[in-house]
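Trainee: I'd like to ask some things about the structure below.
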Amino acid sequence: MDDRPIGVFDSGVGGLTVVKELMEELPNENIIYFGDTARLPYGSRSADVVTRYSLQCIRFLMEKGVKAIIVACNTASAMGMDAIKSTFDIPVMGVIESGARAAATSSKNGSIGVIGTEGTIATGAYQKEIKRINPHLKLTGIACPLFVPIVEEGWADSEIAYLTARKYLSAFEDKGIDTLVLGCTHYPLLFNTISRVMGPGVTLVNPAKQVAHATRHMLEDKGLISARNCQGRYKYYASDSVERFQRVGTAFLKKAIQSVERVDIHRY
Ligand code: DGL
């Protein structure tokens, strides 16, 4: 039994979609979340910069005494995992592996789509991981950069979101995909809009859900699970406005965020 918290970080509030799933899957675990809101977005930055930022986020979380790190950001998972794993001696889990595994098992016709930030799609991380699992699968990746600001504006279910989704997702029209990976923290909030565009024949894979299952397995395997009788406690930190984090983050977490502390991430 290990009651130390799990550390989760993302470029902003988006990773709260992963925290939401972790809370459901692991209600006894304490969680410390850091959102690097001052340096959002990661999705349009280079791998060097995203990796440097990610290492700083983890140093901050390690100072808080976490027992494991969840890289909730798809862009950071796509760009920084090698550097992260070679720098820190702590169990680390990104979102790509579990999302890729779920997609590879979901597809019946062998054609899979992946959507994400420009950075995530450019690395081809999901595509490579899915191909590693099954080299016969056909992959198409499309960057959808406008989805992040649309979701943060609270317009996930609006006509603007629908038309934007139609424009981006039309790239899949002649691909015959039966599975689509929502490869960005913000996209689970667009689930209904994307389903409406793609239709019932396409299964949407939410890596946030998959990473929560994988985290439970990892903690169990390593003997790091917390005691059953303890109710999880949650602490939130951000590198920019705590008011904005509370306001926008609530939509991602689907529950009120009582308090947030500001962190000067440049110190780490
Ligand atoms: N959290 C990022 C991701 O999942 C999206 C927002 C950003 O670009 O920083 O890729």
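The numbers here are math on the coordinates, done by the rules we state, and not lab data. In this text, all values refer to a predicted model and were calculated from it rather than measured experimentally. Ideal geometry is used to build each Cβ from the backbone, glycine not excepted, and the neighbour counts take in all protein chains shown.
Trainee: Cβ under 12 Å from Phe252's Cβ, Phe252 left aside: what net charge do those residues give with Lys, Arg +1 and Asp, Glu -1?
Mentor: Overall, the nearby charge balance is +1.
Trainee: Run down the aspartates and glutamates and flag those whose C-alpha is under 16 Å from the C-alpha of Lys254, throwing out any fewer than 8 positions away in its chain.
Mentor: Output for Lys254: Glu21, Glu24, Glu25, Glu152, Glu153, Asp157.
Trainee: As a test of the formula, what do you get for the chain when each DSSP H run with n ≥ 4 contributes -39,500 (n - 2.57) and the sum is divided by the residue count, at 222 nm and rounded to the nearest 500 deg cm²/dmol? Mind dumping the intermediate values first?
Mentor: On the way: 11 runs with 119 residues, N = 268.
That calculation yields -13500 deg cm²/dmol at 222 nm.
Trainee: Alpha carbons only, please: Rg and Dmax for the chain, in angstrom.
Mentor: 17.6, 52
Trainee: Just to confirm a number: summing +1 for Lys and Arg and -1 for Asp and Glu over residues other than Lys131 whose beta-carbon lies under 14 angstrom from that of Lys131, what do you get? All intermediate terms of the calculation are to be shown ahead of the outcome.
Mentor: Details: positive: Arg101, Lys128, Arg132, Lys138; negative: Glu97, Glu129.
Its environment carries a net charge of +2.
Trainee: Sticking with this structure for a sec: Relative contact order for the chain: what percent, with Cα pairs under 8 Å and sequence separation of 6 or more?
Mentor: Values: 532 pairs, mean separation 78.0, N = 268.
Dividing the mean separation by the residue count of the chain yields 29 percent.
Trainee: Further question: First select every other residue whose beta carbon is under 9 angstrom from the beta carbon of Ala238; then total the charges, Lys and Arg +1, Asp and Glu -1.
Mentor: Value of the local net charge: -1.
Trainee: For Ala227 and Glu25, what is the calculated FRET efficiency with R₀ set at 22 Å and r taken between the beta-carbons, to the nearest 0.05? Show your work: numbers first, answer last.
Mentor: Values: r = 16 Å, r/R0 = 0.74.
That gives a FRET efficiency of 0.85.
Trainee: With equal scatterers on the alpha carbons only and no solvent term, can you work out the Debye log10 of I(q)/I(0) for segment 154-232 at 0.18, 0.24 1/Å?
Mentor: -0.78, -1.13
Trainee: Could I ask something else about it? Please list 125-136, 140-151 highest first by mean number of surrounding beta-carbon atoms within 10 Å per residue.
Mentor: 140-151, 125-136
Trainee: I would also like to ask the following. If you line up the long axis of helix 242-253 against the longest principal axis of the chain, both from Cα atoms, how many degrees apart are they, to the nearest 10?
Mentor: 50 degrees
Trainee: With respect to the cross-link table entries Lys64/Lys255; Lys64/Lys209; Lys20/Lys235; Lys85/Lys222; Lys67/Lys255; Lys108/Lys209, which display a Cα-Cα separation exceeding 18 Å?
Mentor: Flagged as over cut-off: Lys64/Lys255; Lys64/Lys209; Lys67/Lys255; Lys108/Lys209.
Trainee: Treating the angle as unsigned and between 0 and 90°, give the value, to the nearest 10°, between the Cα long axis of helix 47-63 and the longest Cα principal axis of the chain.
Mentor: Rounded to the nearest ten degrees, it is 30.
Trainee: Under a point spin-label approximation (7 Å from Cα along Cα-to-Cβ), what is the His217-Lys235 distance to one decimal in nm?
Mentor: 3.0 nm
Trainee: If you don't mind, there's one more thing I want to ask. Sort out for me the Cα centre separation of segment 152-176 from segment 1-53, rounded to whole Å.
Mentor: Cα centroid to Cα centroid, the span is 26 Å.
Trainee: On to the next question. So if each residue of separation counts as 0.36 nm, and I subtract the Cα-Cα distance between Arg132 and Ser46, what length gain in nm does that give?
Mentor: Length difference between fully extended and current span is 28.5 nm.
Trainee: Now for a different question. Using a Förster radius of 45 Å, what is the FRET efficiency between Asp174 and Met1 based on their Cβ-Cβ separation? Nearest 0.05, please.
Mentor: Efficiency at R0 = 45 Å is approximately 0.25.
Trainee: Sticking with this structure for a sec: What angle, in degrees between 0 and 90 and rounded to the nearest 10, separates the Cα long axis of helix 16-25 from the longest principal axis of the Cα atoms of the chain?
Mentor: Result, in degrees: 80.
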